[in-house]
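Okay, so here's the structure we're looking at.
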Amino acid sequence: TRLLRLREAASRLAIQTGQWEASATLVNRLVQTYKHIYPQNWPILGVQLALQGKILVHLGREQEAVPILRQAVTILDKTSGGGSGSDADVVSAEAARLLQETEWSLNGLGSLA
């Protein structure tokens, strides 16, 4: 648990300081750890997957981001409050929007400006 909390803190720090490659690596490690300790549709896993996808899009790695964002949206849709305005709803909506924009960009239908 201590190592997990340390990784969470390190990933937040990397994001806050704009160290995107480091944050991608750290969040990926967190996601892999969460997949081992949480149930498949756990909201925290969905949030971390959404964050991972967002970082990958920021790094220009859209092809990698799409399946991760899809997984995040699936989990968050199952676990959110169904439009109640909860944090999970907000993250779910943001992940769904980013997924759609990324898919459009990859298909030549728009840009991620």
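The values are calculated or read from the model by the stated rules, or taken from the named source; none is laboratory data. What you are looking at is a predicted structure, and each value in this text was computed from that prediction instead of being measured. As a convention, Cβ positions derive from the backbone with ideal geometry for all residues, glycine included, and neighbour counts pool all protein chains shown. Calculation scope for accessible area: heavy atoms of the full protein, side chains included, ligands and nucleic acids excluded. Shrake-Rupley method; radii C 1.70, N 1.55, O 1.52, S 1.80 Å.
Please find, among Gln40, Gln63, the residue that is part of a loop (DSSP other than H, G, I, E, B), out of contact with any Asp or Glu (no Cβ under 7 Å at 6 or more places or on another chain) and not hydrophobic (A, V, I, L, M, F, W, C). Explain how you work it out, then say what you get.
On the way: Gln63 fails: part of a loop (DSSP other than H, G, I, E, B).
Answer to the check: Gln40.
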**Item:** Which numbered condition Arg5 misses (of (1) open to solvent by 80 Å² or more (accessible area, probe 1.4 Å); (2) in contact with a Phe, Trp or Tyr (Cβ under 7 Å, 6 or more places away or on another chain))
**Value:** (2)
**Prompt:** Is it the case that the stretch 90-110 has a residue that's surrounded by 15 or more Cβ atoms within 10 Å (Cβ to Cβ) and among the aromatic types (Phe, Trp, Tyr)?
**Reply:** no
**Item:** Selection within the stretch 41-62 - among the polar types (S, T, N, Q) and modelled with pLDDT under 95
**Value:** Asn41, Gln48
**Message:** What pairs come out if I take residues in the stretch 24-40 that are at pLDDT 95 or above and pair them with residues that are not in a helix (DSSP H, G or I) whose C-beta lies under 7 Å away, six or more apart or interchain?
**Reply:** Ala24/Leu59
